[in-house]
Amino acid sequence: MKDKAQTADLLLVSDNSYELLGHLTHETAGEIFSQSLQLNWHNDGPIVIDLAKVESVDSAGLAMLLEWHSRSDQMQQELEFNNAPQHLLKLAALCNADQLMKLHART
């Protein structure tokens, strides 16, 4: 029996707020990144990504978040990641990416 296909989505919650949900893995990161290129992230105030509904993440998902961070720096746009799940925090800490990104743990 095959595993259910893993999916992810990036949803606009308000002008500066997005929700990332599902499985942020090598299977979905490219699609989510392509979707994010269509968004207007040139706003006043920080862009906030809520990660509370991220079910799983692998190195490809982390790489995508790091790319978002890099692009936000280039645009001089503040970017925050809220409600990061423990498995993402551990993966980011493993490669010191937690020092680069504003990852806030789930409360």
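Every read-out reported here was derived from the displayed coordinates using simple, explicitly stated rules and does not represent laboratory data. Predicted model, so just to flag it, every value in this text is computed and none were measured. Here Cβ is always computed from backbone atoms with ideal geometry, including for glycine, and neighbour counts include all displayed protein chains.
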What residue among Tyr18, Ile49, Gln86 has its Cα farthest toward the positive end of the dipole of the chain, where the charges are +1 on Lys, Arg and -1 on Asp, Glu, each on the Cβ? Gln86
Using Cα-Cα distances under 8 Å and only pairs 6 or more residues apart, what relative contact order does region 1-104 have, in percent? 25 percent
The chain, dipole about Cα centre (Lys/Arg Cβ +1, Asp/Glu Cβ -1), debye to the nearest 20: 280 debye
If one compares the long axis through the Cα atoms of helix 59-74 with the longest principal axis of the Cα atoms of the chain, the angle in degrees, nearest 10, works out at 10 degrees
